[in-house]
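S.K.: The structure follows.
Laboratory data are not the source of any read-out in this text; all were calculated from the coordinates shown. This one's a predicted model, so the numbers in the text were calculated from it and none came from an experiment. Cβ placement follows ideal geometry from the backbone for every residue including glycine, while neighbour counts extend to all protein chains displayed.
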Amino acid sequence: MTVKAILDAKGRDVVTIAASRTLREAVSLLAEHRIGALVVTVDDDRISGILSERDIVRAIGREGAEVLEKPVSAVMTARVQVCRESHTVNEVMQIMTEGRFRHLPVEKDGRLAGIVSIGDVVKRRIEEVEREAEEIRTYIATA
C-alpha cells in the first residue's frame, strides 16, 4: 500500500499555520482539531516547517509559559522530512522510526499534498497483515 492510497482513503486536508503566528495560536489549533502537529507553510502551500506537541512542550520546559507568545518559527522544525505519494507503508514506517517522529508531510510538486501520521500507517499495516492472513487461510482451505 502506498501513501497515495492512505490519502485517498483518509483525505488530504492538512491544518497549517504561518511561521509568524504565536505558539499560543498553534496550541489552540492543535486542541481545536484534536491533532498532534501543524505543518508550517508559506502562501503557496510550500512547506517551511512542522510544529508538534512535543516541540511546544519542550519549549515550555526550557523557557516557561511565556514562550507561548513567541512565533511558531522560534520552535518549529525547519528541516522537515517529507514523503511522496509513491512511498510505501513500510518505507514511511522506516522514515518515522529512524527520525523518531509521528507525523510526515506529503509533498507533491514542491507543495504540501497531505500528511500521514503513525496512526494512519499502523492502521494500514494491520489491514495488510489481516488481508494476507485471510488469503493464506483461504488458500489452505481450498488446497
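S.K.: Using only Cα atoms and rounding to the nearest 10 degrees, what angle (0 to 90) does helix 23-33 make with the longest principal axis of the chain?
M.R.: Tilt relative to the chain: about 30 degrees.
S.K.: Give the distance, in whole Å, between the Cα centre of the range 115-143 and the Cα centre of the range 88-105.
M.R.: Computed from Cα coordinates, the inter-centre distance equals 19 Å.
S.K.: Could you give the angle, 0 to 90 degrees to the nearest 10, between helix 89-99's Cα long axis and the longest principal axis of the Cα atoms of the chain?
M.R.: Orientation of helix 89-99: about 40 degrees from the principal axis.
S.K.: Please order Met96, Met76, Met1 by the number of other Cβ within 10 Å, starting at the fewest. If you can, show how the numbers build up before the last one.
M.R.: Numbers: Met96 20, Met76 24, Met1 16.
The fewest-first ordering by Cβ neighbours comes to Met1, Met96, Met76.
S.K.: Tell me, what ³J(HN,Hα) does each residue in the range 132-143 have, in order and in whole Hz, if you take phi through Karplus 6.51 cos²θ - 1.76 cosθ + 1.60 with θ = phi - 60° and put x for Gly and Pro?
M.R.: 4, 4, 5, 5, 5, 4, 5, 4, 5, 5, 9, 7
S.K.: Further, regarding this structure: What list of ³J(HN,Hα) values in whole Hz, one per residue of the range 46-62 in order, does the Karplus curve 6.51 cos²θ - 1.76 cosθ + 1.60 (θ = phi - 60°) give from phi, with Gly and Pro shown as x?
M.R.: 8, 6, 10, x, 9, 10, 10, 4, 4, 4, 5, 4, 4, 5, 5, x, 7
S.K.: Another question, if that's okay. Compute the signed sum of charges (Lys and Arg +1, Asp and Glu -1) over the other residues within less than 15 Å, Cβ to Cβ, of Gly110.
M.R.: So the environment of Gly110 carries a net charge of -2.
S.K.: Identify which of the listed values of Cα extents along the principal axes in Å was calculated from the structure shown: (1) 58, 28, 23; (2) 67, 33, 27; (3) 43, 39, 27.
M.R.: Read-out from the structure maps to (2).
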